[in-house]
1. How big is the C-alpha Rg of region 110-152 next to the rule-of-thumb value 2.2 N^0.38 Å, as a ratio?
2. If the cut-off is a Cα-Cα distance under 20 Å, which lysines reach Lys156, setting aside same-chain residues fewer than 8 apart in sequence?
3. Counting only helical runs of four or more DSSP H residues, what would the 222 nm mean residue ellipticity of the chain come to if each run contributes -39,500 (n - 2.57) and the total is spread over all its residues?
4. Can you tell me the Rg and Dmax of the chain, counting just the alpha carbons, in angstroms?
5. What distance in nm separates the two pseudo spin-label positions at Ser131 and Glu55, each 7 Å out from Cα along the beta-carbon direction?
6. For region 43-142, what is the Kirkwood estimate of the hydrodynamic radius, computed as the reciprocal of the mean inverse distance between distinct Cα atoms, to one decimal in Å?
7. What do you get for trypsin sites (Lys or Arg not before Pro) in region 108-141 restricted to DSSP loop and a cutoff of at most 16 other Cβ within 10 Å of the site's Cβ?
8. By how many nm would the segment from Glu68 to Asn35 lengthen if fully extended, with 0.36 nm per residue of separation less the alpha-carbon distance?
Amino acid sequence: MKEIFVSVDIESDGPIPGEYSMLSIGSAAFDEDANLIATHEANLETLPGASQHPETMQWWSTQKEAWENCRKNLQKPELAMIDYVNWLNDLPGRPVFVAYPAGFDFSFVYWYLIKFIGKSPFSFSALDIKSFAMAKLGSKFHETTKKKMPKKWFSKQLKHSHVALDDAIEQGYLFMNILKDN
């Protein structure tokens with residue numbers, strides 16, 4: 001079965017799922033030939049009883065446009081996750097979770113999928129773009145930063161905006177360019 005690389009970016013109001021909420025999720029699906037084949041995005045209502053982390057909210061106060069973007073057209077988390085799984089299941093291959101950093105984004109997405117769906121179409125694994133770049137460059141993990149990656153890996157048109165779908169697309173192209181360069 002073909003693999004579909006699903007670049008995922010989330011925005012949240014704190015560092016861990018459950019205690020804090022995933023505010024938005026954006027996903028960009030790429031086929032094995034590096035073609036962007038589908039996108040999905042959702043803004044979620046906060047979890048009942050969840051908190052907002054003070055440091056995260058301080059950071060959000062510096063990102064007014066991105067904050068406004070992730071607080072419009074809100075969906076109940078359980079409905080957003082059902083819609084997300086349906087979208088993943090309609091992709092023409094097996095989805096592979098890809099993110100930068102995967103540890104953060106995957107923890108929220110996996111928690112929400114298990115909480116509201118009971119299972120994850122990604123299983124319990126994720127591909128971390130930074131780790132993949134580290135292996136490709138032969139560098140140390142903490143030295144592997146976007147600033148030290150080859151410029152040819154990045155799209156000149158796409159910028160990191162903290163809007164989940166925009167960032168998922170940008171990071172998806174980064175991953176596919178590293179993969180093509182491998």
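1. 1.65
2. Lys130, Lys146, Lys147, Lys148, Lys180
3. -11500 deg cm²/dmol
4. In order Rg, Dmax, the Cα atoms of the chain give 15.9, 46 Å.
5. So the two model labels end up 2.3 nm from each other.
6. Working: mean 1/r = 0.0633 Å⁻¹.
That comes to 15.8 Å for region 43-142.
7. Working: sites: Lys115, Lys119, Lys130, Lys136, Lys140; in loops: Lys119, Lys140.
Those that pass, being in a loop and sparsely packed, are Lys119, Lys140.
8. 8.9 nm is the gain from fully extending Glu68 to Asn35.
Every number in this text was worked out from the coordinates using simple rules, so none of it is lab data. All values derive from a computational prediction rather than experimental measurement. Neighbour counts run over all protein chains shown; Cβ positions are idealised from the backbone, glycine included.
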